[in-house]
Amino acid sequence: MKLCIVSDTHLRTEELHAAALVAADADLILHAGDEAADAKWLTAYVNVPVIGVAGNWDTPTREYPLERVVAADEPVLLVHGHRLGVKASLRPLVERAKAVGARVAVYGHTHIRYVGVEDGVLVVNPGSLAQPRGGNPATFARVDSTKTSSGIHYRVGHWTTAGAVVSEFEWFV
């Protein structure tokens, strides 16, 4: 399965659309909040499902709640992260992922790209397409998972809207 993951787009729909074009072969687009309206806007321009959550700039709704568990090769916890304190620690995010049976946790809020394995959970922050922090370029994430006879192989990359790969990470489960 191929996921395109975005977050913290803050009404910068040109960058959001560009990311969707770069990741045109994605099976699913996940938007980790700030602005949920951008996720809704994107649905008119792509032919794949767009699933989003509310961020701290958003009002949670039925369509864009604070949290979702998304069906992929394995369940994915999708949150913005502000209510789990991701700026201070990833521990509450990882514990929440484990509580809902997710092997992958996606968050935003920090505007800083991240990928790593924390206590058996693949944790991904795509960075921000609108306001990246930490001297980083604007990025989104691609997560490609492949089921094999011995488990699942995850490849995660942070990409720019120009199609440049900024970082790569692999994990075999």
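The values are calculated or read from the model by the stated rules, or taken from the named source; none is laboratory data. Note that this is a predicted model, so its numbers are computed, not measured. A quick note on method: Cβ atoms are made from the backbone with ideal geometry, for glycine too, and the neighbour counts reach across all protein chains shown.
Numbers below:
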{"item": "Selection count, region 131-159, where residues are among the small types (Gly, Ala, Ser) and either in a strand (DSSP E or B) or buried (at least 21 other Cβ atoms within 10 Å of the Cβ) (or both)", "result": "5"}
{"item": "Some residue of region 90-100 being touching a residue at least 40 places away in the same chain (Cβ under 8 Å) and not polar (S, T, N, Q)", "result": "no"}
{"item": "Qualifying positions in region 95-113 - closer than 21 Å to Ala36 by Cβ and in a loop (DSSP other than H, G, I, E, B)", "result": "Val100, Ala102, Tyr107, Gly108, His109, Thr110, His111, Ile112, Arg113"}
{"item": "All positions within region 153-164 that are β-branched (Val, Ile, Thr) and either in contact with a helix residue (DSSP H, G or I) (Cβ under 6 Å, 6 or more places away or on another chain) or modelled with pLDDT under 95 (or both)", "result": "Thr161"}
{"item": "Residue within region 45-59 that is more than 14 Å from the chain's Cα centre (by Cα) and either of a type in the set (Asp, Glu) or buried (at least 22 other Cβ atoms within 10 Å of the Cβ) (or both) present", "result": "yes"}
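Yes or no, residue by residue, for (1) without any contact (Cβ under 8 Å) to a residue 60 or more places away in the chain; (2) in a strand (DSSP E or B):
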| residue | (1), (2) |
| --- | --- |
| Leu3 | no, yes |
| Asp8 | no, no |
| Ala26 | no, no |
| Ile29 | yes, yes |
| Asp38 | yes, no |
| Trp57 | yes, no |
| Tyr64 | yes, no |
| Val86 | yes, no |
